[in-house]
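What follows is a single structure, written as structure tokens, with notes after it.
The values are calculated or read from the model by the stated rules, or taken from the named source; none is laboratory data. Since we're looking at a predicted model, the values are computed, not measured. Backbone-built Cβ (ideal geometry, glycine too); neighbour counts: all protein chains shown. When the accessible area is computed, the model is the full protein with side chains, heavy atoms only, and any ligands, DNA or RNA have been set aside. Shrake-Rupley method; radii C 1.70, N 1.55, O 1.52, S 1.80 Å.
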Amino acid sequence: MLKSKTLLIIGFVWPEPKSSAAGNRMMQLIEMFQGNDYEITFATTAQNLEFSEDIALLGVTTKNIELNSSSFDDYIKELNPTVVLFDRFMVEEQFGWRVSDNCPGAIKILNTEDLHSVRQARQLAVKESREFTSDDLFSDFAKREIASMYRCDLSLMVSEFEMDLLQNQFKISKDLIYHLPIFAERLKEIPNYNDRNDFVFIGNFLHEPNWDCVKYLSDIIWPLVHKKLPDAKMLIYGAYPTQKVLELHKPKQNFFIKGRAENAFEVVKNAKVVLAPIRFGAGIKGKLLEAMQCGTPSVTSSIGAEAMAGTLEWNGFIKDNPNEFTEAAVQLYKDEKLWKQCQENGFEILDKRYKKALFEKDFITEIDSLATNLKQHRNNNFIGSILQHHLVSSTKYMSKWIEEKNRK
């Protein structure tokens, strides 16, 4: 076991668990480390937003830090954390070398959320109206992301698909990546089929795949569904809707932009079906986990459902063709027997693949093992040492130059 348990999280943003799956994921990590006797500090360059969680109330120390400032060096040297967790690879690029310089014995963990390079590559294919191919994966953005993983001691992956991709396409050692999904369990009390109405979509509009999905729903899917179910409503919820999102509000077509949901579970559990025709993205989709938790069947795309169910039956339908997607949505909405079976499928997925108890003990054991064998672990990752050396030779001195320039 570790003698001293201090965790420094360097956040990309302040966590917003009620607005995004990423925020929920961060809160779960905080809770898990706290439950295993870690003292936690959360530091970030970001500004607190309206819906950010007040993590100080949970006993987490918070700290505002600056980019390109040696004040961080002094700060982390004094804190001397046992573990440093970078929230997304861009944060590791900015602060990783400072952590290595000042606290070389700290375990460095990368919380990926999802593979950003995969999401970006799929987005480009959609934008260019063409099929996504494996060649799209090998971008400059991917090189940055993979390099960051090599520089860390462990990278947390939410998706088994991405675990396989990293090992088979990018040849990353399984010793450097760890499967730790978003945790989820079914709600205890949920309405039955007859007490529910309408279709729902929910997602943070700062996340580009959500905007694309809602636009696709508005332009392609909903007109087809509306013809077959003229009394049903399509309810769109999400934090930070922009003007282009608000302009999709069409009450005459029963397509409603509702803005941020105060309680996502309340919204989803009172809907009959979740519609999520996601055209690009990566990782585990929080909105589809929420659907399962609320006992609400869903119709989504192959990218939406990617790696989420394993070999188990989906809690609804997976369709990429607009007409097939529409037929599935209508059938699921009208057929109570089918709806109940899909609901049970979702519960089974949660019970067998997303319960916290399935993962927590093994993960903490992995961290303890890293602490005991850190030198050998890093010796086995010589490519990471090379990349760390070259990052220091470039990013470090650029940062110092910017700091000096700002001082003058």
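Observations on the structure shown:
- Within the stretch 336-360, residues that are polar (S, T, N, Q) and open to solvent by less than 60 Å² (accessible area, probe 1.4 Å) have Cβ atoms under 6 Å from residues that are modelled with pLDDT of 95 or more and outside any helix (DSSP H, G or I) in these pairs: Gln343/Gly295; Gln343/Pro297; Asn345/Glu313; Asn345/Asn315, counting only partners at least 6 apart in sequence or on another chain.
- With respect to the conditions (1) in contact with a strand residue (DSSP E or B) (Cβ under 9 Å, 6 or more places away or on another chain); (2) assigned to a helix (DSSP H, G or I), Leu156 lacks only one, and its number is (2).
- Any hit, the stretch 45-66, residues being in contact (Cβ under 8 Å) with a residue 60 or more places away in the chain and surrounded by 21 or more Cβ atoms within 10 Å (Cβ to Cβ): no
- Enumeration of residues in the stretch 245-273 that are in contact with a strand residue (DSSP E or B) (Cβ under 6 Å, 6 or more places away or on another chain), in a strand (DSSP E or B) and open to solvent by 10 Å² or more (accessible area, probe 1.4 Å): Phe256, Ile257, Lys258
- Leu332 in contact with a Cys (Cβ under 7 Å, 6 or more places away or on another chain), assigned to a helix (DSSP H, G or I), within 20 Å of Tyr216 (Cβ to Cβ) and open to solvent by less than 10 Å² (accessible area, probe 1.4 Å): yes
Yes/no matrix, rows are residues, columns are (1) assigned to a helix (DSSP H, G or I); (2) aliphatic (A, V, I, L, M); (3) over 17 Å from Ala22 (Cα atoms):
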residue: Glu113; (1), (2), (3): no, no, no
residue: Arg119; (1), (2), (3): yes, no, no
residue: Ala125; (1), (2), (3): yes, yes, yes
residue: Phe132; (1), (2), (3): no, no, yes
residue: Ala147; (1), (2), (3): yes, yes, yes
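- Listed by position, the strands (runs of 3 or more DSSP E) inside the stretch 172-240 whose residues that are open to solvent by less than 10 Å² (accessible area, probe 1.4 Å) number at least 2 are 199-202, 234-237.
- The criterion of being more than 29 Å from Ser52 (Cβ to Cβ), at pLDDT 95 or above and in a helix (DSSP H, G or I) holds for Glu327.
- Count of residues meeting criterion [farther than 16 Å from Phe161 by Cβ and polar (S, T, N, Q)] in the stretch 297-348: 9
- Any hit, the stretch 94-111, residues being closer than 30 Å to Asp212 by Cβ and either at pLDDT 95 or above or over 22 Å from the mean Cα position of the chain (by Cα) (or both): yes
- The condition (being at positive phi and surrounded by fewer than 19 Cβ atoms within 10 Å (Cβ to Cβ)) is satisfied by just one residue among Ser134, Ser129: Ser129.
- Residue within the stretch 128-147 that is hydrophobic (A, V, I, L, M, F, W, C) and either touching an Asp or Glu at 6+ places or on another chain (Cβ under 7 Å) or under 21 Å from Ala371 (Cα atoms) (or both) present: no
- In summary, Arg98 fulfils each of the numbered conditions (1) under 30 Å from Glu290 (Cα atoms); (2) crowded, with 21+ Cβ neighbours inside 10 Å; (3) of a type outside the set (Gly, Ala, Ser) with the single exception of condition (1).
- Within the option set Pro81, Pro15, being over 23 Å from Asp368 (Cα atoms) and open to solvent by less than 10 Å² (accessible area, probe 1.4 Å) holds for one residue only, Pro15.
- If you go through the stretch 296-324 and keep only what is open to solvent by 10 Å² or more (accessible area, probe 1.4 Å), part of a strand (DSSP E or B) and over 16 Å from Ser159 (Cβ atoms), you end up with Gly316, Phe317.
- Residues of the stretch 280-295 that turn out to be under 26 Å from Lys188 (Cβ atoms) and either open to solvent by less than 10 Å² (accessible area, probe 1.4 Å) or of a type in the set (Gly, Ala, Ser) (or both), as a count: 7
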